[in-house]
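Engineer: One structure coming up, written as structure tokens, with questions to follow.
What follows is calculated from the coordinates using simple rules that are stated; it is not laboratory data. Keep in mind the model is a prediction, meaning the values are calculated, not measured. Please note: Cβ atoms are built from the backbone with ideal geometry, for glycine as well, and neighbour counts cover all protein chains shown.
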Amino acid sequence: VTAPASKVSLGYDSVLSGVNPDLASERLTASFSVEKLTARLDGGAEHTRMRRAIVEAIESDPAFSRENQYFQSQNERYEAAVRRAVHLQKKMREMGWTENGPEIKYIYRWLSGDIAFLLHRVFMRSISVLGSDKQVAKWIPLATEHQIIGSYAQTELGHGTYLQGLETTAVFDIATQEFLLNTPKISAMKWWPGDMGRSATHTVVFAQLYVHGKCYGVHPFIVQIRSLQDHSPRPGVTVGDIGPKMNFEHTDNGYLMLQNVRVPRENMLSRFCEVQPDGTYVRWGSQKINYFTMTTVRISILSDEVILPLMKACTIAIRYSAVRRQSKLKPGEQEAKILDYQTQQQKLLPQLAAAYAFHFINIYLHELFDRGYQEIQGRNFDSLPELHAFSSGFKAMVTQYCTSGVEICLRACGGHGYSLLSGLPSLYTRVLASCIYEGENTVLFLQTARFLIKCFMAASAGQPIPPSVTYLSSAKPGKCPAKDKLDFLSPDVYLKFFQFSRLLSSSAAKLQHLIQSGAEKHEAWNQCTVQLVKAAQAHCHYITVKIFVETVEKLDNKAGIQKVMKHLCDLFALHGIFSNAGDFLYDGYLSGAQMDLVTASYLDLLAVIRMDAVPLVDAFDFTDKSLNSALGSYDGQVYQRLYEWAQKSPTNQQVSPAYGKYLKPLLQNRLSKL
Amino acid sequence: IAKGRGEEGRPGGTARRGLQREGVINDPDFQHEDLNFLSRSQRYEQAIRKSSLMVMKLREHGIADPDEIYWFKRTCLGPFPEPFGLHFSMFQKTLETQTTDAQKEKWLPLVRGVNIIGTYAQTEMGHGTHLRGLETTATYDPATQEFILNSPTVTSIKWWPGGLGKTSNHAIVLAQLYTQGQCKGLHAFIVPIRQLGTHEPLPGITVGDIGPKFGYDEMDNGYLKMDNFRIPRENMLMKYAQVEPDGTYVKPLNDKLTYGTMVFIRSIIVGDSARSLSRACTIAIRYSAVRHQSELKAGEPEPQILDYQTQQYKLFPLLATAYAFHFVGAYIKDTYRRISGDIIEGDLSELPELHALTAGLKAFTSWTANAGIEECRMACGGHGYSRCSGLPDIYVTFTPSCTYEGENTVMMLQTARFLVKSYTQVSSGQRVTGMVSYLNDLSRQRIQPQHVAARPVTVRINDPISLVEAYKARAARLVEAAAKNLQAELNHRKSKEDAWNRTSVDLVRASEAHCHYVIVKLFTAKLSEISNAAVRAVMTELCLLYALYGISKNTGDFLQAGILTDTQVNQVNQHVKELLAIIRPNAVALVDSFDFHDVHLGSVLGRYDGNVYENMFEWAKKSPLNKTEVHESFHKHLKPMQAKL
């Protein structure tokens, strides 16, 4: 029998003493006030204060500790998430926090999704949005009090993004005034809904509605799936967990099969339509508000689920790069910080710039949608197509960019980045899921492209188009006038690059050409999709640079913030040109010599921003506990933390049976039969 | 159509291996629960069980040929890492190549018979790729004729070696040798770490597992700390450098010898890049043929997602890449075999170029495969995210190869160093040979005042041989640009290292362009060796797709250098899309040719029979959370919560 690893006392490393001088020195050279920038990011110093108070309250409560998270099995993670969710209810009552209060976003941001019942919240929201007043009055109090636990069952085994293809059926039975729900085949099984595998008692099921043999399309139904007494599945219900995933081990994503499950007529959510007792199908009100609400979900995930992970990854990778030393840059000196290597800067600093760019675009999108909401409340639906295009395109672009950014950070940390204790693998596996949920990215880009093509055609025909796309009708630019590398630090110069809509105009031309030469519309569209995706990406990229430029212009230059943000904005823009050089060289808009100047300017910026790199991630103001990373802690005591944390691993605490059972007989050469 | 030329590229071996494979896969001894449902400790235990069994079977069948062992291991263990992995590769291999005859006699029987289990402890917590920075010390004590091993700082703790945490009882430790008060640099030592018989750590040794990782659950990557731990003088590997009993240090003859091992390991990683990407492509392409979604044409049934241009554009270039990397891997292995005889005889003339080339190719292929696997997973939508797809496992197992055996950026810069050196030679009028011989053209160019970029290249985009020329021109242009920028920096600065650092982004780009050229060249060269016309036709399509896709992703380089015109770029983009449609009917056959057994593919989405959905359901039912119909959390947390409210 193997003994557990012997306890190590090293004396010199068992106490974490102060900030690592390599990190401390980085903070002395900040060109701006970190505290002021933090306040700017929070939207005001009073928000920073509130956020810190909430974080303090949560972190001081051991029930919320995530220290053991990386050591836990799927079962343990799930149980911990349920325990935390239950504890949170108690905590909220204690602290006087409410679901609608200003605190809630900070609470969930800190928890970073590592908690159960998130789909329960979606369940409640869908009832509030899609349910009649009577249904809201019946279900919401039960759900608020957690007398029932809900989920939201839309995606099926065979269908995700394409909702019209769902196969679950709900057939109205006039005789009993009930809907009969069925999973007619295996691909129709509900698959993926969170909280459903083990926790939920109820769920909103999306099914094809049939009345008198006629299909009315997909509608939502509240279905009880488990007993409120003993939690066992209701008759006709087969429900379970879909098994291990790349992440979200704490969430019981579930499957659900329904066999002749009956629900009363009143369980169809009926704010917009209803099946009356005699089977008459009535539709009222405008579904557009509903449609709008669904659209906003894509924007609402960006901040916490997508941009925040990139900010955390940058914090970890940049702090670690200031602590890690490797090789010598100058003979005779000590080994250099890896952050001083140009190649390391080129990996990390564009990600940092993107994190800021997306923070600002996110604010812009929220303002845009708030305005849109007011217009729609006033029954003005004009901006709806534009908002839809925005939500699709930006969801796709930001999730894709942040996912690749987090992975770059992970790989920039070398071997230690691969340890779960770095925190980076779990950030990566979480953020990458966002490329798929709430609409698969390629499909979303193509929705944006469809809107852009429409606008482009309208503009060509001299018709009015929405303000965000008026640039599509601007004349083709001449040659780029820049002569010196400093010229490329002028937003007027680089914004013109991104405005360039050649990808879109040539897609439109090709599309028309194909149709004129006899191709069917759908086939012509399919043949242009690769380029259309690129055109949609270019559009979103342009808007992001534009908003970054406008944000920087509006900042006042107290405390050096405007200057450092201008550097980041320039870097974001020039990195975009450097990485897509072909698009700008094409047509000779930019000459080869000018492209060399862009590269030179871009590389110069890396060295400038390098000086502020650590302060710029400090400004995100993550606590060590929320980062949960051995590499990224504020004090930079990387190696001690890694060593002490690793010793707590269960593999070092428990006796592995492997030695006695297999290794010993093998070593002694008598492993006859195991 | 291309059956038998896939994974190993050697048609003759396929049938016999197929039989052997069936035998092992159906062997009841190798059965176990789905690894996805096991905890890390359980996965480790299963891996040890299977490795032990495998060793026993190797003994039983008397398999001794290294290639046979490699194949047998892959068949027994599948694509997963094993805790004994470093015992057979690094531990045994190092002892075979770096020991004296007396040392061989003592250690090799124990190692080959697995009477001791060893690992290779090089990387430390504070240092990986930069070997000279390692801090572990081995100080010679002539009084007792022993070395005293120490881990003087936290950063010097050995960290990451596979099999070190729980499995091994010996390790080859790399340490800075001190004798007669002088540091003689890094040397290798055999260090016993655990008591034979009880497996307890020896006094002075602190050893354990480094905790959970992204992948490699079955591997006990470990830490090792040594405090005044003494080993006899004879435990230093002394084939080359030696310490005599009185402490006199005898220098090794040639330090390039270690290049050989590095080339060998990097060639394995290139092969691994090809294999991992092939597995991912197999899964994604088969699943895309099974999955139906949306409508292309109103009123018609939902099409296979493989019919969407965007899906083809994601997957087919990767399929072409997988084939390209297979050929590159085989080329390096063959070249290494060819010159390894010379190396033993002391002729090292070809080694530096091969060493420099493999560094870059290791980085290029592992980066590309890494991104490609993720692209495949994304192309499978939500289900790709489930562990049942097998794709998360392929990714987490493969991704560390971007870091181990030399961090990729550092590898690229090694290749760049060779490129710049070759460029400098050419500039001073010497000729260079091998894969860099295109640089010779630059000297001829120099006579004219023209920039190399202005050299006219007539590219025919339907002709792979012409595309090789285009890639060659791009590489020449980027190597020259990087070398000139480096020279400009050197003119401004005192420190060479500083100038190098300020040019490193350009240098990496030059290396990438060089590697890209080599791959296109090798793929193209392979085509003429294929005798079967149908196979050659489809391989030519893949080769064209690989080359053209690479251009369309890097149009900036080709436009800026004047290698292609705007019109040609349009044609390239258009031709890529045409090739997608041409390859579409062969797509599934092309992944079937890789010939992965379902058991080794480990993917419900990628099953050979395509029965995806029903098997996902069967798989999910076995999930640990489904062990009981009502989870214990209901009784522990949910019920009390509802009661309290």
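Engineer: Pick out the long, greasy-scoring helices in chain B: whole DSSP H runs spanning 24 Å or more along their own axis by Cα, mean Kyte-Doolittle at least 1.0.
Structural biologist: For chain B, where a helix must reach 24 Å along its axis and average at least 1.0, the hits are B:533-553.
Engineer: Follow-up question, since we're still on this one. Please give the peptides A:167-178, A:377-388, A:616-627, B:166-177 ranked by average Cβ packing (other Cβ atoms within 10 Å per residue), highest first, as a rough proxy for protection.
Structural biologist: Order by mean packing, descending: B:166-177, A:616-627, A:167-178, A:377-388.
Engineer: Mind checking the mean number of beta-carbon atoms from other chains within 10 Å of the Cβ atoms in B:150-157?
Structural biologist: Details: counts 0, 1, 0, 4, 10, 7, 1, 7.
Mean partner shielding for this stretch: 4.
Engineer: Identify the residues of segment B:75-90 with backbone N under 12 Å of a label point that sits 7 angstrom from the Cα of residue B:69 along the Cα-to-Cβ direction, or state none.
Structural biologist: What the label zone holds, given the 12 Å backbone N cut-off, is B:85-90.
Engineer: As an exercise, use a Förster radius of 41 Å and the Cβ-Cβ distance of residue A:330 and residue B:437 to find the FRET efficiency, rounded to the nearest 0.05.
Structural biologist: For R0 = 41 Å, the calculated efficiency reads 0.70.
Engineer: Okay, moving on. If you build the Cα gyration tensor of the protein assembly as shown and take the root of 5 times each eigenvalue, what three semi-axes come out, in whole angstrom, biggest first? Intermediate results must be reported in sequence, preceding the final value.
Structural biologist: Details: eigenvalues 464, 308, 212 Å².
Semi-axes (√(5λ), whole Å): 48, 39, 33.
Engineer: To the nearest 0.05, what FRET efficiency results for residue B:298 and residue B:26 with a Förster distance of 60 Å applied to their C-beta separation?
Structural biologist: Using R0 = 60 Å, I get an efficiency of 0.75.
Engineer: Is the shape of segment B:491-645 best called rounded, prolate or oblate, per the rule: a/c under 1.5 gives rounded, else a/b larger than b/c gives prolate, else oblate, with a ≥ b ≥ c the square roots of the Cα gyration tensor eigenvalues?
Structural biologist: Oblate is the answer for segment B:491-645, as a/c is 1.5 or above yet b/c matches or exceeds a/b.
Engineer: Please list, in order, the residues from segment A:571-606 whose amide nitrogen is less than 14 Å from a point placed 7 Å along the Cα→Cβ vector of residue B:492.
Structural biologist: The answer is A:597-606, whose backbone nitrogens lie closer than 14 Å to the label point.
Engineer: Additional query: Rounded to the nearest 5, what is the percent of antiparallel bridges among the DSSP beta bridges in segment A:148-284?
Structural biologist: Roughly 80 percent of the DSSP beta bridges within segment A:148-284 come out antiparallel.
Engineer: Dipole size in debye (nearest 20) for the protein assembly as shown around its Cα centre, Lys and Arg Cβ +1, Asp and Glu Cβ -1?
Structural biologist: 480
Engineer: Compute the distance from the alpha-carbon center of segment B:151-181 to that of segment A:245-313, in whole Å.
Structural biologist: 55
Engineer: Past the 25 Å Cα-Cα mark, which pairs from A:483/B:553; A:534/B:526; B:93/B:251; A:337/A:554? Numbers along the way, then the final one.
Structural biologist: Numbers: A:483/B:553 27 Å; A:534/B:526 33 Å; B:93/B:251 22 Å; A:337/A:554 35 Å.
In this structure, A:483/B:553; A:534/B:526; A:337/A:554 exceed 25 Å between Cα atoms.
Engineer: Would you mind pulling out the separation of the Cα centroids of segment A:22-44 and segment A:331-392, in Å?
Structural biologist: 20
Engineer: In nm, to one decimal, how far is the residue B:615 label point from the residue A:228 one, both placed 7 Å along Cα→Cβ?
Structural biologist: 4.3
Engineer: What is the mean number of Cβ atoms from other protein chains located within 10 Å of the Cβ atom of each residue in peptide B:376-386, rounded to a whole number?
Structural biologist: 6
Engineer: Once both labels are modelled 7 Å past Cα along the beta-carbon direction, what's the residue B:421-residue A:144 spacing in nm?
Structural biologist: 7.5
Engineer: How would you order A:429-441, A:578-590, B:382-394 from highest to lowest mean count of nearby Cβ atoms within 10 Å? Working shown, then result.
Structural biologist: Details: A:429-441: 22.0, A:578-590: 19.1, B:382-394: 24.8.
Per-residue mean Cβ counts within 10 Å order the peptides as B:382-394, A:429-441, A:578-590.
Engineer: Antiparallel DSSP bridges in the protein assembly as shown: what percent, to the nearest 5? Walk me through the numbers on the way to the answer.
Structural biologist: Details: 65 of 79 bridges.
The answer is about 80 percent antiparallel.
Engineer: Continuing with this model, one more query. When a/c is below 1.5 the answer is rounded, else prolate if a/b is larger than b/c, else oblate, so apply that to chain A with a ≥ b ≥ c taken from the square roots of the Cα gyration tensor eigenvalues.
Structural biologist: Oblate.
Engineer: A further question follows. What's the Cα-based Rg to Rh of segment A:293-616, Rh via Kirkwood?
Structural biologist: 0.99
Engineer: Lys/Arg Cβ at +1, Asp/Glu Cβ at -1, dipole of segment A:293-616 taken about the Cα centre: which of A:567, A:467, A:343 is farthest positive-ward?
Structural biologist: A:343
Engineer: Calculate for chain B the 222 nm mean residue ellipticity that helices alone would give, adding -39,500 (n - 2.57) per DSSP H run of length 4 or more and normalising by residue count, nearest 500 deg cm²/dmol.
Structural biologist: Value at 222 nm, helices only, nearest 500: -17000 deg cm²/dmol.
Engineer: A follow-up question, please. Evaluated at 37 °C with a viscosity of 0.692 mPa s, what Stokes-Einstein diffusion coefficient in µm²/s does chain B have when Rh comes from the Kirkwood expression over alpha-carbon pairs?
Structural biologist: This corresponds to a translational diffusion coefficient of 120 µm²/s.
Engineer: Something else now. In nm, what is the difference between 0.36 nm times the number of residues separating residue B:608 and residue B:261 and their Cα-Cα distance? List each step's numbers first, then the result.
Structural biologist: Working: separation 347, 0.36 × 347 = 124.92 nm, distance 3.75 nm.
The span from residue B:608 to residue B:261 would gain 121.2 nm if fully extended.
Engineer: How far is it, in nm, from the label point at residue B:525 to the one at residue B:112 when both lie 7 Å from their Cα along the line to the Cβ?
Structural biologist: So the two model labels end up 3.6 nm from each other.
Engineer: Continuing with the same structure: Given a Förster distance of 60 Å, report the FRET efficiency between residue A:24 and residue B:97 from their Cβ-Cβ distance, rounded to the nearest 0.05.
Structural biologist: About 0.85, to the nearest 0.05.
Engineer: In deg cm²/dmol, rounded to 500, what helix-only [θ] at 222 nm does chain A give when every DSSP H run of at least 4 residues adds -39500 (n - 2.57) and the total is split over its residues?
Structural biologist: -16500 deg cm²/dmol
Engineer: On to the next question. Please report how far the C-alpha centroid of segment B:56-100 lies from that of segment A:188-229, rounded to the nearest whole angstrom.
Structural biologist: If we compute the Cα centre of each part, the gap is 53 Å.
Engineer: By average Cβ neighbour count within 10 Å, what is the ranking of B:221-231, B:612-622, B:406-416 from highest down?
Structural biologist: Going by the mean number of other Cβ atoms within 10 Å, highest first, we get B:406-416, B:221-231, B:612-622.
Engineer: Rounded, prolate or oblate, given the Cα gyration tensor of segment A:235-390, with a/c below 1.5 counting as rounded?
Structural biologist: oblate
Engineer: Quick one: 3J(HN,Hα) in Hz for segment A:598-608, Karplus 6.51/-1.76/1.60 with θ = phi - 60°, rounded, Gly and Pro as x.
Structural biologist: Calculated HN-Hα couplings, in order: 4, 4, 4, 5, 5, 5, 4, 4, 4, 5, 5 Hz.
Engineer: Which percent, nearest 5, of DSSP beta bridges in chain A are antiparallel?
Structural biologist: Around 80 percent of the beta bridges assigned by DSSP in chain A are antiparallel ones.
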